[in-house]
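> Pasting a structure below so you can have a look.
Read the figures in this text as sums done on the coordinates, not as results from a lab. All of these numbers come straight from a predicted model, not from anything done at the bench. Cβ placement follows ideal geometry from the backbone for every residue including glycine, while neighbour counts extend to all protein chains displayed.
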Amino acid sequence: MKHNFGAGPGILPHEVLKQAAAAVVDFNGTGLSLLEISHRSSEFEAVLDEAVKLVKELLNVPEGYSVLFLQGGASMQFAMAPYNLLPDGGKAAYLESGVWANKALKEAKYFGEVQIVATSKESNFTYIAKDFEIPADAAYFHITSNNTIYGTQLHQFFPSPVPVVCDMSSDIFSRKINVADFGLIYAGAQKNMGPAGVTLVIIKDDILGKTGRKIPSMFNYQTQIEGGSMYNTPPVFAIYVSMLTLNWLKAKGGVEAMEQENIAKAKVLYEEIDRNPIFKAVAVPEDRSNMNVCFVAENPEHEKPFLKLCDEKGIVGIKGHRSVGGFRASIYNAMPITSIYVLIDTMREFAEKNK
Ligand SMILES: *Cc1c(COP(=O)(O)O)cnc(C)c1O
């Protein structure tokens, strides 16, 4: 058995994978593969409707918001958000909390002025800067709720005088959020919600149509809303597997139950890192992520042998991102606490051997 700590595409529930595999061969007894039926068939429309319904239900999405399933990943949203929200000559505010935030703000510069309200770049993003003011004349304020690479997470959101745009790629559905606090939420599915190939977008309808800019159809949220995520052929497989994953989440008790589990999972792992003399956590305690747990070996010579021991124990995907080094344990929703105990036991065994 493998324990998949990979950062993304990340772990999915085993029963979801089994259902997905079956649907590729025979979708709901139609005698056809999910991959060869029309996206406009009643069978697929039911899948998309259910996926949208589950998002609304699990996150308590209020009236006045649209839920979209788009392509292009979170990276396309880096551009699509300013394309639709930032007027020529206007300004957008960004919190620079890591590489993804930085990539997002680079795209916004194609459309208008970008004001970085704060950054933690000088410490290689080991914390999230919180001492700043959000300019009231900005078109929006952009944040990243969980910084996948550095293992930091915003445990509290900032009250904002302007609409908040949030990249939730790596912690959507991992905890309760108040959708009404946001103008736009987007998330590539492949970290915590489904397979690569689809991006969830939740957008407040009344923030649209204010730039005066002409926007090509595929990049225009309005077109996508009017087309019900079917302006063109949607990524049917990725939407189907996301729908299955959301159903799995609902059966587990929804986002609130998941949040409690995720807190418990992260807690035991950070406790071991803090206790174990070999390892050291990367992020400051108050900003530690419950999704991506980053740590390093105090002695860099321990790095390779620890990775080798992990490999022997079936622990995969735990090597840290190249810009941080060390290790990163991504412990998304589908990761059972039993796998975390396997990692903890491995860390203890390694410490015992290297006393
Ligand atoms: C992975 C990730 C991205 C990039 O997602 P793509 O879907 O590959 O474009 C953006 N933001 C965050 C926070 C991520 O974790």
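> If one computes the Cα centroid of the range 14-54 and of the range 74-151, what distance in Å separates the two points?
One Cα centre to the other: 37 Å.
> Give the lysines whose C-alpha is closer than 16 Å to that of K267, dropping any in the same chain fewer than 8 places away, or say none.
K280
> Okay, moving on. Could you please rank L32, L48, L12, placing first whichever residue has the fewest other Cβ atoms within 10 Å of its Cβ?
Values: L32 15, L48 19, L12 23.
Sorted ascending by nearby Cβ count, the order is L32, L48, L12.
> Under the rule a/c < 1.5 gives rounded, and otherwise a/b versus b/c splits prolate from oblate, where does the chain land using the Cα gyration tensor? Display every interim value, and only then the final one.
Details: a/c = 2.16, a/b = 1.21, b/c = 1.78.
Cα axes put the chain in the oblate bin.
> Using a Gaussian network for the chain with springs between C-alpha atoms less than 10 Å apart, which of these wobbles most: Y94, Y110, Y186?
Y110
> Roughly what % of DSSP beta bridges within the chain run antiparallel, to the nearest 5?
Of those bridges, close to 55 percent are antiparallel.
> Name the long-range amide H neighbours of V114: under 5 Å, sequence gap of 5 or more, or other chain; modelled H, no Pro or chain starts.
Amide H neighbours of V114: A92.
> Oh, and also: Using the alpha carbons of the range 32-99, what is the convex hull volume per residue in cubic angstrom, as a whole number?
Working: hull volume 12.2 nm³, N = 68.
In the range 32-99, the Cα convex hull volume per residue is 179 Å³.
> Continuing with the same structure: What's the FRET efficiency of F219 with E122 using the Cβ-Cβ distance as r and R₀ = 25 Å, to the nearest 0.05? Spell out each step's value before the answer.
On the way: r = 35 Å, r/R0 = 1.38.
The pair F219/E122 has a calculated efficiency of 0.15.
> Could you work out how much longer the chain between F157 and E50 gets when fully extended? Use 0.36 nm per residue separation minus the Cα distance between them, nm to one decimal. Write out the running numbers ahead of the final one.
Details: separation 107, 0.36 × 107 = 38.52 nm, distance 2.91 nm.
Result: 35.6 nm gained on full extension.
> Sort 214-221, 313-320 for me by packing, meaning the mean count of neighbouring Cβ atoms within 10 Å per residue, highest on top.
Values: 214-221: 14.4, 313-320: 17.6.
Order by mean packing, descending: 313-320, 214-221.
> Compute the Cα gyration tensor for the range 255-353, then decide on rounded, prolate or oblate, letting a ≥ b ≥ c be the square roots of its eigenvalues: rounded whenever a/c is under 1.5, prolate when a/b is larger than b/c in the other cases, and oblate in all that remain. Could you put the intermediate results ahead of the total?
Working: a/c = 1.70, a/b = 1.43, b/c = 1.19.
Since a/c reaches 1.5 and a/b is larger than b/c, the shape of the range 255-353 is classed as prolate.
> In addition: Considering the chain as a Gaussian network with a 10 Å cut-off on Cα pairs, which listed residue, N28, N276, N146, attains the greatest mean-square fluctuation?
N28
> Let me ask another. At 222 nm, what helix-only mean residue ellipticity would the chain give, in deg cm²/dmol to the nearest 500, using -39500 (n - 2.57) for each DSSP H run of four or more? Could you put the intermediate results ahead of the total?
Values: 9 runs with 124 residues, N = 355.
Calculated mean residue ellipticity at 222 nm is -11000 deg cm²/dmol.
> Could you list D26, D88, D171 in order of exposure, starting from the residue whose Cβ has the fewest other Cβ atoms within 10 Å?
On the way: D26 12, D88 9, D171 27.
Placing the least packed residue first, the sequence is D88, D26, D171.
> Greater than 32 Å separation of Cα atoms is the criterion. Which listed pairs, K265/K355; K109/K308; K91/K176; K53/K319, meet it?
On the way: K265/K355 27 Å; K109/K308 43 Å; K91/K176 30 Å; K53/K319 37 Å.
Among K265/K355; K109/K308; K91/K176; K53/K319, the Cα-Cα distance tops 32 Å for K109/K308; K53/K319.
> Pairs of Cα atoms under 8 Å, at least six residues apart: use those to get the relative contact order of the chain, whole percent.
Values: 683 pairs, mean separation 82.0, N = 355.
Result for the chain is 23 percent.
> A further question follows. Report ³J(HN,Hα) in whole Hz for each residue of the range 154-171, in order, from the Karplus equation J = 6.51 cos²θ - 1.76 cosθ + 1.60 where θ = phi - 60°; Gly and Pro get x.
7, 8, 9, 8, 8, x, 10, x, 10, x, 9, 9, 10, 7, 10, 3, 10, 9
> Now for a different question. Along the three principal axes, how long is the range 170-247 when you take its alpha carbons, biggest first, rounded to the nearest angstrom?
Cα extents, longest axis first: 38, 31, 17 Å.
> Who wins for biggest fluctuation among S41, S170, S97 in a Gaussian network model of the chain, springs between alpha carbons below 10 Å?
In the Gaussian network model the winner is S41.
> If I model a spin label at Y231 and D311 as a point 7 Å from the Cα along the Cα→Cβ vector, what separation in nanometres do I get?
Placing both labels 7 Å along Cα→Cβ, they lie 4.6 nm apart.
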